[in-house]
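Below: the structure, in structure tokens.
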């Protein structure tokens, strides 16, 4: 997976806010990059393992600031449907 320089910079700001809770491991990104409805893998920019409400609020604020879509994922690995878009309109 090729990461664009601007995406790398955005990801660094997310990691600065949430540290080790942000994963950019290719295997983790690939595992979160597909669902049963869309078999093509489209890895996310990052995966955040939030442990508190404050973490979720921080992620949502970051996503809003950077205009990055959010795909929620529950504790059992179930997540909302993936809709392949590079950036929101």
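The values are calculated or read from the model by the stated rules, or taken from the named source; none is laboratory data. Here the structure is a predicted model, which is why all the values come from computation and not from measurement. With ideal geometry, Cβ positions are generated from the backbone for all residues, glycine too; neighbour counts draw on all protein chains shown.
Values as computed for the structure displayed
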quantity	calculated
Filter result (touching a helix residue (DSSP H, G or I) at 6+ places or on another chain (Cβ under 8 Å) and in a loop (DSSP other than H, G, I, E, B)) within the stretch 18-41	24, 41
Test: residue in the stretch 18-29 that is closer than 18 Å to residue 66 by Cβ and free of Cβ contacts under 8 Å to residues at least 24 places away in the same chain	yes
Test: residue in the stretch 10-17 that is modelled with pLDDT of 80 or more and assigned to a loop (DSSP other than H, G, I, E, B)	no
Candidate set: the stretch 42-74, residues that are in contact with a strand residue (DSSP E or B) (Cβ under 9 Å, 6 or more places away or on another chain) and in a loop (DSSP other than H, G, I, E, B); chosen: the one nearest to residue 10 (Cα to Cα)	46
